[in-house]
Amino acid sequence: HAKQERRGSVQFFHEELNARMVERSQLEQELQHALENDEFELYYQPKVDAATGRVAGVEALLRWHHPRLGLLSGGQFIPAALDTGKVVPIGEWVISAACAQAKLWQESGAGLPSIPIAVNIAIPQIYANLPEVIDRALREYGVPPSSLQLEITESLLIEDIERATSVLREISESGITIAIDDFGTGYSSLSVLKTLPIDVLKIDQSFVRDLGKDLGDNAIVAAIVNMARALALRVVAEGVETQEQLNILRQLGCDEHQGYFYSKPLPAALVAEQLGRTNSTSSTSHA
Ligand code: C2E
Ligand code: MG
Ligand code: MG
Ligand code: MG
């Protein structure tokens, strides 16, 4: 009886696994055409400056208008893009689209200050002519390097750290800022803080989620904030969803907050509206 049940669940497991593998390889094939079919869009999520209440920057987050599955977010297809190598051409599209958007926002003038757009960079991009790719996009749209920030996930930085370092130095010297994303997770090595030209640490959302409930997380966030301060880096908390988390982050001295508490990632037009509102009201109330 028990044995039969077990066999049943094993079989179910196989079917599910099989379905997932089929789905995954189908997704990988469909990714091949997503660029040509113009199925990608950048959404933007504000990062709010703790000191002024103003939007200090936005993060570009890739969305895929999938013909069969609807709107997919990065978490749902970036892993497949990494496996197929498609992440490199897709990443080029992202950089170019972010520069195009920066140009539009800068030209629209008025309520829209020139805040940097942070783009997520996958490690293979670093080894695929990243400085040239960025330079070309900046020149094509005529925007300054200060329009861009790169977000790089530390857990993936490992393999050829020397080469990555020299590429990132070149980019950093051109005036583009660099953030370490998901800081504190993965195979973090504090030595990257010494070797890489870093401007910003983004505290991973897993440490933010239980702030106030898990005192270990309070201690970890406090330690990261203090370390960032000592190294003269800005520190951003991601995944901020509640007033309680925000209060604790303020107390601990975190510089910027990003998360659903302020805004979900939004299409460009909507985030621009919100940005115009936030930054004009906070500038009058703080003046
Ligand atoms: P990430 O860079 O750490 O981005 C943060 C993720 O958390 C995003 O998921 C965002 O939508 C989500 N998020 C933001 N605020 C909150 C919150 O308050 N609560 C919760 N629970 N989640 C929040 P998304 O858009 O699915 O992206 C997932 C990952 O995919 C990103 O993690 C990034 O590593 C990668 N990714 C996204 N866009 C790109 C891209 O253009 N290029 C590359 N290479 N990777 C990208
Ligand atoms: Mg990011
Ligand atoms: Mg992150
Ligand atoms: Mg993340």
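Worth pointing out:
- Span from the the stretch 31-55 Cα centroid across to the the stretch 193-239 one, whole angstrom: 22
- Charge dipole (debye, nearest 20) of the chain; +1 at Cβ of Lys and Arg, -1 at Cβ of Asp and Glu: 500
- Relative contact order, whole percent, for the chain stands at 19, derived from Cα pairs under 8 Å and 6 or more residues apart.
- Placing a label point 7 Å from the Cα of Thr84 along the Cα-to-Cβ line, the residues of the stretch 18-34 whose backbone N sits under 14 Å from it are 22-34.
- Cross-link partners of Lys47 among lysines, defined as those whose alpha carbon lies under 16 angstrom from its own and excluding same-chain residues fewer than eight positions apart: Lys202, Lys264.
- Helical contribution to [θ] at 222 nm, DSSP H n ≥ 4, -39,500 (n - 2.57), averaged over the chain, rounded to 500: -16500 deg cm²/dmol
- Modelled spin-label separation between Lys103 and Asp210, with each label point placed 7 Å from Cα along the Cα-to-Cβ direction: 4.8 nm.
- Overall dimensions of the stretch 237-283 as given by Cα atoms, namely Rg and Dmax in Å: 11.9, 33
- Summary: within the chain, the longest segment free of GluC sites (Glu not before Pro) located in DSSP loops with at most 13 other C-beta atoms within 10 Å is 160-287.
- Take every Cα pair under 8 Å whose residues are at least 6 apart in sequence, average their separation, divide by the length of the stretch 33-157, and the relative contact order is 23 percent.
The numbers here are math on the coordinates, done by the rules we state, and not lab data. The model shown is predicted, which means the values in this text are computed figures rather than measured ones. Ideal geometry is used to build each Cβ from the backbone, glycine not excepted, and the neighbour counts take in all protein chains shown.
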